[in-house]
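First the structure, in the form of structure tokens, and then the observations on it.
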Amino acid sequence: MSAQVPVKTHFREVQEELDRSGRAIFRDKDGNESLVIRFPYSIQYIHSYAEDSPFFLGLADGKLKGSRCTKKGCRFAYATPRGHCMVCGSATEWVDLPLSGKVHSWTTCHFGSEAFLKETPYNLAMVEFEGFGSLLLVRLKDAIEPELYVGMPVEARFNPDPKYLVTDVWFVPKR
Ligand SMILES: [Zn+2]
């Protein structure tokens, strides 16, 4: 490709070049080259959380909200809240999740959407909680790949300046 566009082989270098000149070529490990550009983009979006609202309000209060089936004899508990039970179809009720759990699985992301570019590479983990039958997908900070393992105890951290977004919560290794 054009010699006038700097070629970078790491995504973080691409981001730095975009900060400098607004253009870069990303060359992957197989030699494939992609032109990457930066341009202004702005949108104001009005979004109602509707029945999911308690989850996001909970994050602002330092709480993780899951849900539990209301049917006697089922009572299945969801770490990712659901309005209705996937086992029996009954309505659920909101419950507080423990603020610590264990890593069920994880992955390290070397590419990220716009919201995560500054922290790329970053970890995503499926966290399991005592007494809950489903998992919660969250970012796992303050740990790099060689330190991570299945079963690792982790605990929640909350944005002290809540934005009412899923990024208001993340997990860190429990020390
Ligand atoms: Zn149920």
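Annotations
- Residue 32 paired with residue 102, simple spin-label distance in nm, labels 7 Å along Cα-to-beta-carbon: 3.8
- Between residue 45 and residue 72, the FRET efficiency from the beta-carbon distance, with R0 = 35 Å, is close to 0.25.
- Amide H to amide H, with H built 1.01 Å from N, residue 154 comes under 5 Å of 101, 102, 103, 174, counting only residues 5 or more places away or on other chains.
- Residues of the stretch 128-165 with amide N under 14 Å of the 7 Å Cα→Cβ point at residue 109: 137-141
- Anchor residue 8: lysines whose Cα lies under 20 Å away (excluding residues fewer than 8 positions away in-chain): 29, 118
- Residue 5-residue 52 FRET efficiency (beta carbon distance; Förster radius 35 Å; 0.05 resolution): 0.25
- More than 15 angstrom apart: percent of Cα pairs within the stretch 45-91: 50
- Extension gain for the segment residue 61 to residue 20, taken as residue separation times 0.36 nm less the Cα-Cα distance, is 10.9 nm to one decimal.
- Distance between modelled label sites at residue 149 and residue 95, nm, 7 Å Cα→Cβ extension: 3.0
- Proportion of all alpha-carbon pairs of the chain beyond 25 Å (%): 49
- Set of lysines with alpha-carbon distance to residue 174 below 16 Å, sequence-local pairs under 8 removed: 102, 141
- Among 158-168, 130-140, sorting by the average number of other beta carbon atoms lying within 10 angstrom of each residue, highest first, gives 130-140, 158-168.
- The stretch 127-175: translational diffusion in µm²/s, Stokes-Einstein, Kirkwood Rh over Cα pairs, 25 °C, 0.890 mPa s: 205
- Applying 0.36 nm per residue to the separation of residue 166 and residue 124 and subtracting their alpha-carbon distance, the gain on full extension is 13.8 nm.
- Between the stretch 1-56 and the stretch 86-136, the Cα center-to-center distance that results, in Å: 25
Rule-based calculations on the coordinates, nothing more; no lab input. Computed from a predicted model, the values in this text were never measured in an experiment. We place every Cβ from the backbone using ideal geometry, glycine too, and count neighbours over all the protein chains shown.
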